[in-house]
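> First the structure, then my questions, so here it is.
The values are calculated or read from the model by the stated rules, or taken from the named source; none is laboratory data. No experiment lies behind these values; they were computed from the predicted model shown. When we count neighbours, we look across all protein chains shown, and the Cβ atoms used for this are built from the backbone with ideal geometry, even at glycine. Side chains included, ligands, DNA and RNA excluded: accessible areas come from the protein's heavy atoms. Shrake-Rupley method; radii C 1.70, N 1.55, O 1.52, S 1.80 Å.
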Amino acid sequence: TNLTSLSISYDSTNTNLYGFVIKDTSEQAYYKSTATSTISWSGETSFAFTAGDLGHISSAQEAAGTSTLAVALREGGFYRFSDLTPTRATLLNSIDADTDTVYSLTTDGTSLWLLTVDSTTDSALYKCATCPTTTPTWTSLTAPWTGQTNLTSVSLTYDSTNSDLVAMSIKDTSEQAYFISTDATTISWGSQTSFGFTAQDKGHISSPQEG
């Protein structure tokens with residue numbers, strides 16, 4: 001009932017798939033797993049977020065072992081993070097009382113960066129320098145896209161080879177997909193490049209957490 005959002009991750013250590021979902025009339029988040037060879041799903045486990053008004057669950061494309069698997073989602077005016085231990089479901093506190101429902105989270109292993117669709121014209125970028133902690137401090141950074149038209153979706157990837165952030169978006173009246181990059185320290189965005197897809201009717205761009 002009321003299935004609204006899905007994500008999937010590959011556990012390369014155990015060759016398992018993990019599925020994540022927001023569903024039920026109460027809007028709760030759950031996960032379940034299966035071996036890739038059999039596709040026989042386990043029973044579901046609740047993340048034990050505060051039910052109601054949960055938005056867009058996301059997870060890394062790949063993780064090395066269950067201890068590195070995690071999800072992020074929006075809970076009312078808060079962004080929440082949890083590994084597979086439900087008691088750790090409240091590590092990220094409010095970020096500017098933000099209620100954006102389209103966002104992407106990435107990390108270099110120390111800092112977290114959060115990119116959101118702030119409105120149909122502007123994206124917003126936030127950083128937590130030493131996360132996760134129980135009392136994180138988030139700062140607002142220069143966003144990759146402002147003053148745009150029809151901004152509908154974003155994604156963010158950390159380039160570990162070059163220590164860069166690479167942002168992707170769908171925008172413009174024609175609904176085209178673009179990418180743009182910056183050094184993760186200086187946050188000075190370059191020029192955007194179109195992916196060259198056939199324009200029109202695009203939905204939800206996504207990318208790996210790290211590349």
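> Could you please state how large a percent of the accessible area of the chain is carbon and sulfur, counting protein chains only and using a 1.4 Å probe? Mind dumping the intermediate values first?
Details: 4770 of 9810 Å².
That share works out to 49 percent.
> May I pose another question? Within the stretch 6-47, report the chymotrypsin sites (Phe, Trp or Tyr not before Pro) that DSSP leaves as loop and that have at most 13 other Cβ atoms within 10 Å.
Trp41
> Keeping every protein chain in place, order Thr157, Thr25, Thr13, Thr66 by accessible area at 1.4 Å, biggest value first, i.e. largest first.
Details: Thr157 15, Thr25 120, Thr13 90, Thr66 65 Å².
Ranked from most to least accessible, the order is Thr25, Thr13, Thr66, Thr157.
> Using just the Cα positions, wrap the stretch 22-76 in a convex hull and report its mean projected area in square nanometres, one decimal place.
4.4
> Please calculate the 1.4 Å probe accessible area of Ile22, with all protein chains present, and give it to the nearest 10 Å².
Ile22 has an accessible surface of roughly 0 Å² with all protein chains in place.
> Keeping every protein chain present and rolling a 1.4 Å probe, give me the accessible area per residue for the chain in Å². Don't skip to the answer; put the middle values down first.
Numbers: 9810 Å² over 211 residues.
About 46 Å² of surface per residue is accessible.
> Another question, then. Within 10 Å of each candidate Cβ there may be at most 13 other Cβ atoms; applying that plus a DSSP loop requirement, which chymotrypsin sites (Phe, Trp or Tyr not before Pro) in the stretch 124-201 survive?
Phe195, Phe197
> When the dipole is taken about the Cα centre of the chain, and only Lys, Arg (+1) and Asp, Glu (-1) are charged at their Cβ, what size is it in debye, to the nearest 20?
So the dipole magnitude of the chain works out to roughly 280 debye.
> Let me ask something else about it. Probe 1.4 Å, all protein chains in place: accessible area of Lys32 in Å², nearest 10?
It works out to around 70 Å².
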